[in-house]
Amino acid sequence: MTPAPTDGLLAQVLREEAGPLVARLSRRFGDFDLAEEAVQSAVVEALTAWRRSGAPDNPAAWLQVAAQRNALDGVRRSSRQRALAARAAVPAEASDGTDDRLALLFACCHPALAPEARLALTLRAVVGLTTPQIARAFLVNESTLAQRIVRAKRKVTDAAISLAVPPADQLAERLADVLAVVYVMFNEGFVSSSGATQDRDLAADAVWLAGVVATAVPDEPEAWGLAALLTIQHARAAARFDPHGGLVLLRHQDRSLWDHAAIAEGERMLERAYRSHRTGRFQLQGAIAALHATAPSWEQTDWLQIALLYDELARHDPSPVVRLNQAVAHAQVGDPVDALRRLEGLGADLSGYHLFHAVRAELLTTLGRHDEAREANRTALGLTSNDAERRLLTTRLHRHPLQDGS
Amino acid sequence: MKYVLMFTSRPDLADSSDPEAAQALYKRVYEWFGENAAVIADGGAELLGVETATTVKHGDGGPVVVDGPFNEAKEIVGGFTVLDVADMDQAIAVTRTWPMLELPGVAVEIRPMVEDYSQFE
């Protein structure tokens, strides 16, 4: 399907309105499942109607009327819900959209839900994506995805997972689950953004959602750290692909194409995060991204500081991909022998990951071990060109966008 | 909203080498029931060991009686209790304070109870 020219606008309206509407209707009808379904149907109706005849003057009101009508239809259809509808007479609590959206987000990312369901549910209920859009973005079967969403929603209703922002003593822990979902959302979008067929830009949606979260919990440094990281990464989007859709590595990107205003905004977010003096993985990744984004060139990048930040990050998150990046950074500050030794230690975890072999080949070349370098390059090439799906999967499995990757 | 807490453990991971520590833990379990009395709808029961379990199960020629627990899982159910709290978050908050959770292999399953039978009508 070719996106209509107004799809960007529709997407913005939907993501602004869908979440608060789900939260309001859930409260009014006492049934999250019913409310979510009603809003989802309204979103689908809106996409059809607005593509045909343009967005109405007041899209928010249009969506609300449609969702409310769907919810009432749903109530009439079901005898179980008839009982719940009695509660509809209770006036909804007054609250602004931000709190509603945040409460809904905490419910969708609740640790009692299966991890793979949290992202799908968040995309549908909070960001206003349709099931087919989500299925296309993740390259998954639509009916499998729909089932996963249905199961998660039933659990929210049946197990009484409430739409509420957790109390202060649990906020940081629950927030980590929310931030993880937003982070994965961004990376899914970032990896697949070469495909012009997407009618929703998941990466842009994730940048927006990270900003919403940070603004709503302004004293949580990791929320600002994530917002900064995503804002800065997204600022480089225009330079990541050549005119033929090929990926351009960071070192070869045209830095004049970067959105420098957005990068400055990301740096302000980082400063905001640092005020609390509680560091974390997203702040560290944000700091690394900021150093890359403000360097005049690949060569003139502050590699020493980046290497130190990776050392700190590896203490928070010792995953193989972080340690691979750590090795890359250390190689840049002039210790290829040490970098190679660090790298060899990761072979067991990363031998199926093309970038592991590509990085290894570079280091071997630097050390003059050309035969081994050629062999490593060949392995890297084999892993990339033979099996595009595997490459995509690997990138997805290892969520950290490589500093050398894109 | 009522939830059943099912207390499970892994006997293969249990360390019975320190009877004093076990005694102290039991004391805290006793206190836990006191502290949470307001949200405990039914104290439930502590069960004797799985070696005392007998299972009656479906058989082609009618129910069959066999020795042992109903599944071969490593986890065994050691007891249950019923909470009455506002929502899942409260159920989780109470459950997190269950003293036995400091022992390896201990887990507590939280299951909402059916209270509204109109859905089956």
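Observations
- Between the Cα long axis of helix A:388-397 and the first principal axis of chain A there is an angle of about 80°, rounded to the nearest 10.
- Taking each DSSP H run with n ≥ 4 as -39500 (n - 2.57) and averaging over every residue of chain A yields -22000 deg cm²/dmol at 222 nm.
- Positive-end ranking of A:Ala214, A:Leu171, A:Ala203 along the dipole of region A:147-268, with charges on Cβ about the Cα centre, is headed by A:Ala203.
- Label-point gap, in nm, between B:Asp60 and B:Asp12 - each point 7 angstrom along Cα→Cβ: 3.2
- Note on A:Arg323: accessible area approximately 80 square angstrom, rounded to 10, probe 1.4 Å, nucleic acids and ligands left out.
- Annotation: lysines with alpha-carbon distance below 25 angstrom to B:Lys74 (same-chain offsets under eight excluded): B:Lys57.
- Packing around the peptides B:54-62, B:26-34, B:107-115, A:161-169, taken as the average count of other Cβ atoms within 10 Å per residue, puts them in this order, highest first: A:161-169, B:107-115, B:26-34, B:54-62.
- The residues of region B:69-102 listed by number as losing at least 50 Å² of accessible area in the complex, against the isolated chain and with a 1.4 Å probe, are B:Met88, B:Asp89.
- Listed by chain and number, the lysines whose alpha-carbon sits under 28 Å from that of A:Lys153, ignoring those within fewer than 8 places in the same chain, are B:Lys2.
- Residues in region A:152-168 that, when all protein chains are in place, have 40 Å² or more less accessible area than the chain alone would give (probe 1.4 Å): A:Ala159, A:Ala160, A:Ser162
- For region A:95-137, accessible area lost to neighbouring protein chains reaches 30 Å² or more, against the chain alone with a 1.4 Å probe, at A:His110.
- Heavy-atom SASA rank of A:Asp338, B:Asp18, A:Asp73 (probe 1.4 Å, accessible area, largest first): B:Asp18, A:Asp73, A:Asp338
- The contact between chain B and chain A removes approximately 900 Å² from the accessible area (both sides summed; 1.4 Å probe; ligands, DNA and RNA excluded).
- Working note: 222 nm ellipticity from helices only, DSSP H runs with n ≥ 4, each -39,500 (n - 2.57), summed and divided by the residues of chain B, gives -7000 deg cm²/dmol to the nearest 500.
The values are calculated or read from the model by the stated rules, or taken from the named source; none is laboratory data. It should be emphasised that the depicted structure is a prediction, and the values quoted were computed from it without experimental measurement. All Cβ positions, even for glycine, are placed from backbone atoms using ideal geometry, and neighbour counts span all protein chains on display. Side chains are part of the model used for accessible areas, which takes the heavy atoms of the whole protein and leaves out ligands, DNA and RNA. Shrake-Rupley method; radii C 1.70, N 1.55, O 1.52, S 1.80 Å.
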